[in-house]
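First, the structure itself, so that you have it in front of you.
The values are calculated or read from the model by the stated rules, or taken from the named source; none is laboratory data. Here the structure is a predicted model, which means the values were calculated and not measured. As a convention, Cβ positions derive from the backbone with ideal geometry for all residues, glycine included, and neighbour counts pool all protein chains shown. Remember, those area values only see protein heavy atoms, side chains included, never the ligands or the DNA or RNA. Shrake-Rupley method; radii C 1.70, N 1.55, O 1.52, S 1.80 Å.
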Amino acid sequence: MLDLFSEEAPWQEPLAEGAVILRRRARDQADALLAEIYAIAAQNPFAHRITPGGHRMSVAMTNCGDLGWSSDSRGYQYTEQDNHSGHKWPPMPSLFRELAQQTAQEAGFSGFNPDACLINRYEPGAKLTLHQDKDEKDLRQPIVSVSLGLPAVFQFGGFERGDATQRVLLEHGDIVVWGGPSRLRYHGILPLKPGVHPQAGAFRYNLTFRRAH
Ligand code: MD3
Ligand code: FE
C-alpha cells in the first residue's frame, strides 16, 4: 500500500566500477553526526587553509582521528596535530568509525579501518576544483564520504583532468564509497548554492574517512 507518511528507506546507486552511492544512508544519524562535528570544531575550529600555490581555500576544514589532512605553503600532508591550534586532532567518535566501517562493508570493502577523517564545511559559493586524492599510502583502501546539510553538485571525472565529467547531486544523508578503479578518478564540487537546511543551517558538511598511513 502507498504510505505517504513513511520515510523512504536508503537505497544503493552504482556510479562506476568500485563506486556506489548509499542514498540517505546516514539520515537517521544526521543530528548525532552534526553534534559530533560541532564538538570537534569547538576544540579544533574550521579554518580556510592556504594551498601550496598561495590561494585561500573556499572550503573550511578540520579533522578528527589519529591523522588529519591539511595544506600549507609546504604542501599537502597528513599530520598528527593541527598546525593552527598546536593540538592533536580530537579522537574519531565511535559513531563515525562504526558508520564508515559498516558502509564500506555494505559496498564490498571489508576490513576498512580509517585513521583519518577530514571534515569539510561549505558556505555559499564554496567549491572544490577537480582533483585526485592520492596522499594516502595504500590506494587499495577506499574512501567513505558522508554528506550533510545543503545539497551540492558533485563532479565525477576520469583518470585525467581533461576527461569528461558526470554531475551527481549529493544530498543530506548520502554516503558514497569510492574504491577499486574509482579511487583515482578526478572529482570536485561546484559552487554551493545559498540556502538554509533545517538541521545544518546555511552550510554543507562532508566527512571523508580515509586510511592515510
Ligand atoms: C572520488 N571532498 O575531501 S566527497 C575531498 O564533498 C573531497 O567535500 C568532496 O573530494 C566533498 O577530497 C567530495 C566525495 C569523494 C571523496 C573522495 C574521493 C569522492 C572521491 C576519492 C576518490 C574519488
Ligand atoms: Fe577529494
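Here are some residues: 163, 135. Which one is part of a loop (DSSP other than H, G, I, E, B), out of contact with any Cys (no Cβ under 7 Å at 6 or more places or on another chain) and near ligand 1 (Cβ under 10 Å from one of its atoms)?
135
Here's something else I'd like to know. When residue 15 is evaluated against the numbered criteria (1) in contact with a Pro (Cβ under 9 Å, 6 or more places away or on another chain); (2) under 21 Å from residue 190 (Cβ atoms), which criterion, by number, is the only one it fails?
Going through (1) in contact with a Pro (Cβ under 9 Å, 6 or more places away or on another chain); (2) under 21 Å from residue 190 (Cβ atoms) one by one, residue 15 breaks only (1).
Here is a follow-up. Does any residue of segment 174-181 turn out to be touching a residue at least 12 places away in the same chain (Cβ under 8 Å), out of contact with any strand residue (DSSP E or B) (no Cβ under 9 Å at 6 or more places or on another chain) and surrounded by fewer than 21 Cβ atoms within 10 Å (Cβ to Cβ)?
no
In segment 182-206, how many residues are surrounded by 12 or more Cβ atoms within 10 Å (Cβ to Cβ) and part of a loop (DSSP other than H, G, I, E, B)?
Going through segment 182-206 one residue at a time, the tally reaches 11.
List every residue pair whose Cβ atoms lie under 6 Å apart, where the two residues are 6 or more positions apart in sequence or sit on different chains, the first residue falls within segment 197-213 and is touching a residue at least 40 places away in the same chain (Cβ under 8 Å), and the second residue, located anywhere, is open to solvent by 20 Å² or more (accessible area, probe 1.4 Å) and of a type in the set (S, T, N, Q).
211/141
List the number of the failed condition for residue 169; all other conditions in (1) open to solvent by less than 60 Å² (accessible area, probe 1.4 Å); (2) assigned to a strand (DSSP E or B) hold.
(1)
Yes or no: segment 137-159 includes at least one residue that is open to solvent by less than 20 Å² (accessible area, probe 1.4 Å), in contact with a helix residue (DSSP H, G or I) (Cβ under 9 Å, 6 or more places away or on another chain), over 19 Å from residue 62 (Cα atoms) and of a type in the set (Phe, Trp, Tyr).
Step one: list which residues in segment 137-159 are open to solvent by less than 20 Å² (accessible area, probe 1.4 Å), which gives 142-150, 152, 154, 156-158.
Narrowing the set further to residues that are in contact with a helix residue (DSSP H, G or I) (Cβ under 9 Å, 6 or more places away or on another chain) leaves 142-144, 146, 148-149, 156.
Filter once more, keeping what is over 19 Å from residue 62 (Cα atoms): 142, 156.
Then drop every residue that is not of a type in the set (Phe, Trp, Tyr), which leaves 156.
Within segment 137-159, one or more residues are open to solvent by less than 20 Å² (accessible area, probe 1.4 Å), in contact with a helix residue (DSSP H, G or I) (Cβ under 9 Å, 6 or more places away or on another chain), over 19 Å from residue 62 (Cα atoms) and of a type in the set (Phe, Trp, Tyr).
Just to be sure, is residue 118 in a helix (DSSP H, G or I) and either closer than 18 Å to residue 37 by Cα or open to solvent by less than 50 Å² (accessible area, probe 1.4 Å) (or both)?
Working: in a helix (DSSP H, G or I): no; either closer than 18 Å to residue 37 by Cα or open to solvent by less than 50 Å² (accessible area, probe 1.4 Å) (or both): yes.
No: the conditions fail for residue 118.
Just the residues that are in contact with a helix residue (DSSP H, G or I) (Cβ under 7 Å, 6 or more places away or on another chain) and within 13 Å of ligand 1 (Cβ to nearest atom), please, taken from segment 93-132.
Of everything in segment 93-132, those that are in contact with a helix residue (DSSP H, G or I) (Cβ under 7 Å, 6 or more places away or on another chain) and within 13 Å of ligand 1 (Cβ to nearest atom) turn out to be 114, 117, 119, 132.
Still on this model: Any residue in segment 118-133 that is among the aromatic types (Phe, Trp, Tyr) sitting within a Cβ distance under 6 Å of a residue that is open to solvent by less than 40 Å² (accessible area, probe 1.4 Å) and within 13 Å of ligand 2 (Cβ to nearest atom)? List the pairs, counting only those 6 or more apart or interchain.
Qualifying pairs under 6 Å: 122/59.
Moving on. Filter the strands (runs of 3 or more DSSP E) completely within segment 7-92 down to those with at least 1 residues that are farther than 21 Å from residue 127 by Cα and open to solvent by less than 90 Å² (accessible area, probe 1.4 Å).
Those strands (runs of 3 or more DSSP E) span 11-16, 19-23, 60-64, 75-79.
Now for a different question. Which condition number does residue 140 fail, the rest of (1) assigned to a loop (DSSP other than H, G, I, E, B); (2) under 14 Å from the mean Cα position of the chain (by Cα); (3) free of Cβ contacts under 8 Å to residues at least 60 places away in the same chain being met?
In the conditions (1) assigned to a loop (DSSP other than H, G, I, E, B); (2) under 14 Å from the mean Cα position of the chain (by Cα); (3) free of Cβ contacts under 8 Å to residues at least 60 places away in the same chain, residue 140 misses (2) alone.
Return the total of residues in segment 154-174 being aliphatic (A, V, I, L, M) and within 15 Å of ligand 2 (Cβ to nearest atom).
Matching residues across segment 154-174 total 2.
Those residues that are within 16 Å of ligand 2 (Cβ to nearest atom) and closer than 17 Å to residue 209 by Cα, I need them from segment 110-127; list them, please. Explain how you work it out, then say what you get.
At the first step, the residues of segment 110-127 found to be within 16 Å of ligand 2 (Cβ to nearest atom) are 114, 116-122, 126-127.
Of everything in segment 110-127, those that are within 16 Å of ligand 2 (Cβ to nearest atom) and closer than 17 Å to residue 209 by Cα turn out to be 114, 116, 117, 118, 119, 120, 121.
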